[in-house]
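First comes the structure, then the notes that go with it.
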Amino acid sequence: MNEKAEKIKESLITIALAIAFTTIVIILSGAPALETYIQIFKGSLGSKAKLGQVIQAWIPMTLCACGLLYTFRIGLWNIGVEGQVVMGAIAATAVFRLDMTAANPLLMMTAAALAAVIGGAVWAFVSGYLKIKSGVNEIFAGLGMNFVAQGLILWLIFGPWKRPGIASMSGTEMLPQEFWLPFSAFFRISPISLAGTVAAIIFTAVFLIYTRAGLKLKAMGCNPGAAHMYRINISAYMLLAMLLAGGFAGLAGFFQVTGVYHSLIPTISSRYGYLALLVVMVSNFSPWVSPFVAFFFACLNVGAIQLPMVMKIDSSLAGVIQGALVLSTLAVQAWHAWKLNKEKV
Amino acid sequence: MNSFDIVILLSMVVAGAAPVVLAAIGETITEKAGVINLSLDGGILLSAMVAFAVASTTGSIFAGFAAAALAGAAVSIVVAFFSVYLGQSQVAVGFVLALMTRDLAYFIGSPFSRIQGPQAPHLPLPFLKDIPFIGDVLFNHNVTVYLGLFSIFVVWMFIYKTRPGLKLRAVGEEPRAALVRGFDPRKIQLLCSAAGGIFTGLAGASFSLAVKAGWGQPQGCEGTGWIALALVIFGGWNPVKAAAGAYFFSLLQVLGIQFQGWFPGIPAQVFQVAPFPLMIFTLIIINLPKNEAISAWAEDRPVLKKLLSKLSGDAPTSLGKPYKPDIY
């Protein structure tokens, strides 16, 4: 009971700190703070259509967060998640471009989804393999792979996959309608992406909390030396965690192509991979909390879109709020640890 | 540039490298003292914005550079404070700040978007510029280039030839031993991070006031911070080697622009990302000597052995592991 009250108190302090910082930034920029928050709220939860957009952003962010939970558990920094989304999207598009007019659309969709998962997983595997075999820090490997993926998608869109006549930032030609995920007219989102994301959350939570493999991942993240002595094959588990993370990110890429844009665009990942890293940190690496934090982050991102139109301020404010939340979380955690330490003495 | 002129090419390399040199040298100081400042990429962007905003408001280039240095120092002080004093993961804090300061820069800086602003003047150095070849390559630039060249020398001197430099290295290697010798490792780490941040700030100012003059989204310096972080590893935590890496990277970029002219069918974006995979390959090569099989194989080949030992550089022992005083 007391512990719960303490947790709630700390969460409230975290939020208060983030709001205080953000408010100062808004005031410094010369905009009215309250009005800004109201606009973000209206822009995200103000209407059914807006809520649909929020869920649209929530899906890839949550999938990436699910994947990151595995890599964080074992102590790996999978910054390459952004590129893994891109590679998933590219792999899915590649399947759709195969000329198979006679093939069953359902079969094609399944093949594309599989290809996307494999595409993301392979991209993550490279970073993991470099880390294990060559000692290249996974942060730099992942980052390099992000840039390579970005170069690849731009090359495809402007090169071999360009629209006949016009090659532009607007992306490749639209997919034929039979390759679009079914659409719920109510929210303008696909029930399949939504169901897939919920399944991913449950799978991740069960895997990490209730299975032996999940426990081993945690053991290796907490104390690699001890795990080594228990003869857990750390390298194999690192690769497994990377494959899972990349697979989920690739799936997010598949949903972006088939459920949202219906084509391959240069900004297909929309930085959701990077945001997912923040989501997981704010939720203190919990699989049950992450989806909620992701929802809040999605609200901020979608809500901020109308700031430039309504108030003539830049939409990057969303990122400032998100960053402030992570920093406040870290500060409050440190305060908590300091308090515990003092009680012990 | 249609005719392939080596002097023009090299002088382009030197001019373009200035901000990367500054950022890589700053990060070397920070990491040498045991702190990884992963926020570099956003920090450069934020200070680029601050430099441009201050310089165009006050009309003074100098004020722009000074304000940017302060902004850079402020960001790295946050990283050092959270990791060194609050015991939080350096990588986590640095990464968050890398994203957050980027958004902060675009948010606060949006009124300064796409306006004309002052630019660091072209300043050929008297006498030195008349040296054949070298003069045109090195001494016929704006102030940021000289700042970079000068910093390489000064920081190398500082780290390896002075007493405070010795303290800095001691803290990065053995913070407890440093404490026994009577200096506070945490204070030194905070100071070194701030010093590194000043260089980050100067790097940002070099972008918005010289190399890619102006402000807007995207500014064009995104990604530089990550390159600088990789260059510190490439340089084996030695400022001179890190700077050499920066010139090498700049050469790749300039060649990328060259190749673009030769292969017009390939989109420009491909050449822009080309240096990044090359960076990964370099990191793989740097790590080769640490591979037992390869070092055993090189054992009987003296030339190769020497080459490998030249390439490798050891990270400061306590890098990324903040020193906690309450353990003892």
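One table, with the values for the structure above:
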| item | result |
| --- | --- |
| Residues of the stretch B:89-144 classified as part of a helix (DSSP H, G or I) and either more than 21 Å from B:GLY64 (Cβ to Cβ) or within 14 Å of chain A (Cβ to nearest Cβ) (or both), total | 31 |
| Residue list for the stretch A:333-345, filter: facing chain B (nearest Cβ under 10 Å) and not in a loop (DSSP other than H, G, I, E, B) | A:GLN333, A:ALA334, A:TRP335, A:ALA337, A:TRP338, A:ASN341 |
| Residue within the stretch B:67-76 that is more than 28 Å from B:LYS241 (Cα to Cα) and modelled with pLDDT of 95 or more present | yes |
| Filter pass, B:ASP300 being farther than 30 Å from B:VAL50 by Cβ, acidic (Asp, Glu), within 14 Å of chain A (Cβ to nearest Cβ) and open to solvent by 40 Å² or more (accessible area, probe 1.4 Å) | no |
| Inter-residue pairs, beta-carbon under 6 Å, first within 18 Å of A:PHE140 (Cβ to Cβ) and at the interface with chain A (Cβ under 7 Å from one of its Cβ atoms) and in the stretch B:267-289, second among the aromatic types (Phe, Trp, Tyr) and open to solvent by 40 Å² or more (accessible area, probe 1.4 Å), 6+ apart | B:VAL273/A:PHE147; B:PHE276/A:PHE147 |
| Breaking point among (1) more than 19 Å from the chain's Cα centre (by Cα); (2) modelled with pLDDT of 85 or more, for A:ILE139 | (1) |
| Qualifying residue in the stretch B:244-265 (condition: touching a residue at least 12 places away in the same chain (Cβ under 8 Å), farther than 18 Å from B:SER11 by Cα and within 11 Å of chain A (Cβ to nearest Cβ)) | no |
| From the options A:ALA241, A:ALA200, residue that is touching a Cys at 6+ places or on another chain (Cβ under 8 Å) and at pLDDT 90 or above | A:ALA200 |
| Enumeration of residues in the stretch A:151-163 that are in contact (Cβ under 8 Å) with a residue 24 or more places away in the chain, of a type outside the set (Phe, Trp, Tyr) and surrounded by fewer than 23 Cβ atoms within 10 Å (Cβ to Cβ) | A:LEU152, A:LEU154, A:LEU156 |
| So A:PRO291, is it within 19 Å of the chain's Cα centre (by Cα), more than 19 Å from B:MET100 (Cα to Cα), more than 11 Å from chain B (Cβ to nearest Cβ) and not basic (Lys, Arg) | yes |
| Within the stretch A:201-320, helices (runs of 4 or more DSSP H) holding 1 or more residues that are out of contact with any helix residue (DSSP H, G or I) (no Cβ under 8 Å at 6 or more places or on another chain) | A:212-222, A:224-229, A:234-255, A:290-304, A:307-311 |
| For B:TRP237: the one exception among (1) closer than 30 Å to B:THR200 by Cα; (2) within 12 Å of chain A (Cβ to nearest Cβ) | (2) |
| Filter result for A:MET229 (touching a residue at least 40 places away in the same chain (Cβ under 8 Å) and more than 20 Å from the chain's Cα centre (by Cα)) | no |
| Where a residue in the stretch A:133-144 is more than 18 Å from B:PRO289 (Cβ to Cβ) and more than 7 Å from every other protein chain (Cβ to nearest Cβ) and its partner, wherever it lies, is basic (Lys, Arg) and assigned to a helix (DSSP H, G or I), with Cβ under 6 Å and at least six apart | A:GLU138/A:LYS131 |
| Candidate set: the stretch B:183-223, residues that are in contact (Cβ under 8 Å) with a residue 24 or more places away in the chain, open to solvent by 30 Å² or more (accessible area, probe 1.4 Å) and assigned to a loop (DSSP other than H, G, I, E, B); chosen: the one nearest to the other protein chains (Cβ to nearest Cβ) | B:GLN217 |
| Residue within the stretch B:272-287 that is closer than 30 Å to B:ILE61 by Cα and open to solvent by less than 30 Å² (accessible area, probe 1.4 Å) present | no |
| Of all residues in the stretch A:42-58 being among the small types (Gly, Ala, Ser) and touching a residue at least 60 places away in the same chain (Cβ under 8 Å), the one that is farthest from A:PHE254 (Cα to Cα) | A:GLY43 |
| Of all residues making up the stretch A:105-132, the number that are touching a residue at least 24 places away in the same chain (Cβ under 8 Å) and more than 14 Å from chain B (Cβ to nearest Cβ) | 15 |
| Helices (runs of 4 or more DSSP H) contained entirely in the stretch B:263-328, each with at least 1 residues that are modelled with pLDDT of 75 or more and out of contact with any Lys or Arg (no Cβ under 9 Å at 6 or more places or on another chain) | B:275-287, B:292-299, B:302-311 |
| Filtered residues of the stretch A:155-166 (kept if at the interface with chain B (Cβ under 8 Å from one of its Cβ atoms) and either within 20 Å of A:VAL95 (Cβ to Cβ) or basic (Lys, Arg) (or both)) | A:TRP155, A:GLY159 |
| In the stretch B:59-88, residue surrounded by the fewest Cβ atoms within 10 Å (Cβ to Cβ) [restricted to those that are of a type in the set (S, T, N, Q) and not in a helix (DSSP H, G or I)] | B:SER60 |
| Qualifying position, being within 18 Å of the chain's Cα centre (by Cα), modelled with pLDDT under 95 and not charged (D, E, K, R), among A:GLY67, A:GLY52, A:GLY43 | A:GLY52 |
| Sole residue being open to solvent by less than 30 Å² (accessible area, probe 1.4 Å), of a type in the set (Ser, Thr, Tyr) and modelled with pLDDT under 95, chosen from A:SER328, A:SER290, A:SER270, A:SER263 | A:SER263 |
| Exclusive hit being open to solvent by 30 Å² or more (accessible area, probe 1.4 Å), under 30 Å from A:ALA112 (Cα atoms) and either at pLDDT 95 or above or not acidic (Asp, Glu) (or both), set A:PHE254, A:PHE248, A:PHE295 | A:PHE295 |
| A:TYR237 within 9 Å of chain B (Cβ to nearest Cβ) and aromatic (Phe, Trp, Tyr) | no |
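Residues checked against (1) open to solvent by less than 10 Å² (accessible area, probe 1.4 Å); (2) touching a Gly at 6+ places or on another chain (Cβ under 7 Å):
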| residue | (1), (2) |
| --- | --- |
| A:TRP58 | no, no |
| A:LEU63 | yes, no |
| A:LEU68 | yes, no |
| A:GLY75 | no, yes |
| A:ASN78 | yes, yes |
| A:VAL81 | yes, yes |
| A:GLY88 | yes, yes |
| A:ALA111 | no, no |
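The values are calculated or read from the model by the stated rules, or taken from the named source; none is laboratory data. Predicted model, so just to flag it, every value in this text is computed and none were measured. Ideal geometry is used to build each Cβ from the backbone, glycine not excepted, and the neighbour counts take in all protein chains shown. Protein only, heavy atoms only, side chains kept; ligands, DNA and RNA dropped before computing areas. Shrake-Rupley method; radii C 1.70, N 1.55, O 1.52, S 1.80 Å.
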